[in-house]
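*Asks:* Handing you a structure now.
Nothing in this text is a laboratory measurement; each read-out follows from the coordinates by a stated rule. Small disclaimer: the values here were computed from a predicted structure and weren't measured. Note that each Cβ is placed from the backbone with ideal geometry, even for glycine, and that neighbours are counted across all protein chains shown.
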Amino acid sequence: MTKVDDDFIEMGKISGHFGVKGWLKVYSYSEPMEQILNYKKWFLQKNKQWQVYNIEQGRRQGKTVVVKLAGFDSNEQAAVLIGQKIAIQHQQLPKKSKQDYYWVELIGLDVYNQDNIYFGQVKRLFETGSNDVMEVETAEESRLIPYIEDQVIQQIDLKKNRIEVDWDADF
C-alpha cells in the first residue's frame with residue numbers, strides 16, 4: 001500500500017488482459033495479494049481524476065489476481081484500463097485498535113531515537129524472514145531499523161507525526 005494523499009491509498013495496478021471477456025490481470029500490493037478483492041469499490045486514475053469502478057468478480061489465478069469490472073465486457077473496452085493505478089479510499093480500510101497501525105500511516109513520519117537524534121522520515125516498510133524493517137532516510141543517508149514493537153519501536157504518535165525508537169545513532 002502506498003499513500004497517494006489523505007483520501008486515497010494505492011493498492012495495485014492493472015497489468016494486462018486475462019482471457020477475452022474483459023477480465024484484467026492485477027498487480028496487487030496487498031498481502032495476501034487477493035485481499036485487494038475485499039474492496040468492492042476501486043478508484044482508478046484517469047486524467048488525474050479518481051473514478052470509481054465496481055468489481056463484478058475476482059479471484060486469485062496462479063501468481064496473480066484477475067478481476068472483472070462492471071461495464072467492461074470485452075478486451076477492447078478493458079484495454080483503456082491497463083497500466084492504471086488502483087486505489088481505495090482510506091475510510092474503506094477495516095477498523096483497527098488504537099495500538100495497531102497500517103504501514104501506510106507510518107510512511108513519512110519523523111523518526112527520532114531516545115536521545116532526540118533525528119534519523120529521518122520513514123520511506124517504506126518491508127518484511128524480512130525474521131522481522132519487519134523500516135527504511136528511514138534524510139537527504140544525506142538512509143538507514144534500516146527493525147520494526148520490533150516494545151523493543152525498538154518505543155512510541156508512535158500520528159498526531160505529532162513522530163516515531164521514537166530505541167536505536168543507536170551509530171548504527
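*Asks:* In terms of modelled amide H atoms, which long-range or inter-chain residues lie less than 5 Å from the amide H of Gln61?
*Replies:* Residues meeting the amide H criterion: Val66.
*Asks:* While we're here: So how strong a dipole does the chain carry about its Cα centre when Lys and Arg Cβ are +1 and Asp and Glu Cβ are -1, to the nearest 20 debye? All intermediate terms of the calculation are to be shown ahead of the outcome.
*Replies:* Values: 22 positive and 26 negative charges, 284 e Å.
Here the chain has a charge dipole of around 1360 debye.
*Asks:* What residue among Glu140, Glu149, Glu105 has the largest mean-square fluctuation in a Gaussian network model of the chain, using Cα springs under 10 Å?
*Replies:* Glu140
*Asks:* Residue-wise, which Karplus ³J(HN,Hα) couplings in Hz belong to segment 66-79, taking 6.51 cos²θ - 1.76 cosθ + 1.60, θ = phi - 60°, and x for glycine or proline?
*Replies:* With coefficients 6.51, -1.76 and 1.60, one gets 10, 8, 10, 8, 4, x, 10, 10, 9, 4, 5, 5, 6, 4 Hz.
*Asks:* Toward the positive end of the charge dipole of segment 19-171, about the Cα centre and with charges on Cβ (Lys, Arg +1; Asp, Glu -1), which of Gln91, Leu44, Ile148 goes farthest?
*Replies:* Towards the positive end, the residue furthest out is Leu44.
*Asks:* What are the residues whose amide H is under 5 Å from the amide H of Trp23, where those residues sit 5 or more places off or on another chain and H is modelled from the backbone?
*Replies:* Under 5 Å from the amide H of Trp23 lie the amide H atoms of Phe18, each far enough along the sequence or on another chain.
*Asks:* Hey, another quick one. Show me the ranking of peptides 80-90, 120-130 by mean Cβ neighbours inside 10 Å, starting with the highest.
*Replies:* Ranked from most to least packed, the peptides come out as 80-90, 120-130.
*Asks:* So what is the 222 nm mean residue ellipticity for the chain from helices alone, if each DSSP H run of at least 4 adds -39500 (n - 2.57) and you divide by all residues, rounding to the nearest 500 deg cm²/dmol?
*Replies:* Rounded to the nearest 500, it is -500 deg cm²/dmol.
*Asks:* Could the peptides 21-31, 67-77 be put in order, highest first, of the mean number of other beta-carbon atoms found within 10 Å of their residues? Could you put the intermediate results ahead of the total?
*Replies:* Values: 21-31: 18.5, 67-77: 15.5.
The packing order, highest mean first, is 21-31, 67-77.
*Asks:* Hey, another quick one. Once you order the gyration tensor axes a ≥ b ≥ c over the Cα atoms, which shape class does segment 103-165 get: rounded for a/c under 1.5, otherwise prolate or oblate by comparing a/b with b/c?
*Replies:* Details: a/c = 1.35, a/b = 1.16, b/c = 1.16.
Since a/c stays below 1.5, the shape of segment 103-165 is classed as rounded.
*Asks:* Once Kirkwood radius over Cα pairs in Å is worked out from the coordinates, which option in (1) 19.5; (2) 17.8; (3) 17.0 does it equal?
*Replies:* Answer by label: (2).
*Asks:* Right, something else. Once phi is turned into θ = phi - 60°, what whole-Hz ³J(HN,Hα) does the Karplus curve with 6.51, -1.76 and 1.60 give for every residue of segment 36-51, x standing for Gly and Pro?
*Replies:* 4, 6, 5, 9, 7, 10, 10, 10, 10, 8, 9, 6, 6, 10, 7, 10
*Asks:* Starting from the amide H of Leu109, placed 1.01 Å from N in the peptide plane, find each other amide H under 5 Å away whose residue is 5 or more places distant or on another chain.
*Replies:* Result for Leu109 returns Val122.
*Asks:* Please give every one of the lysines within straight-line cross-link reach of Lys40, meaning a C-alpha to C-alpha distance under 17 Å, and leave out same-chain neighbours fewer than 8 residues apart.
*Replies:* Lys13, Lys25, Lys68, Lys85, Lys95
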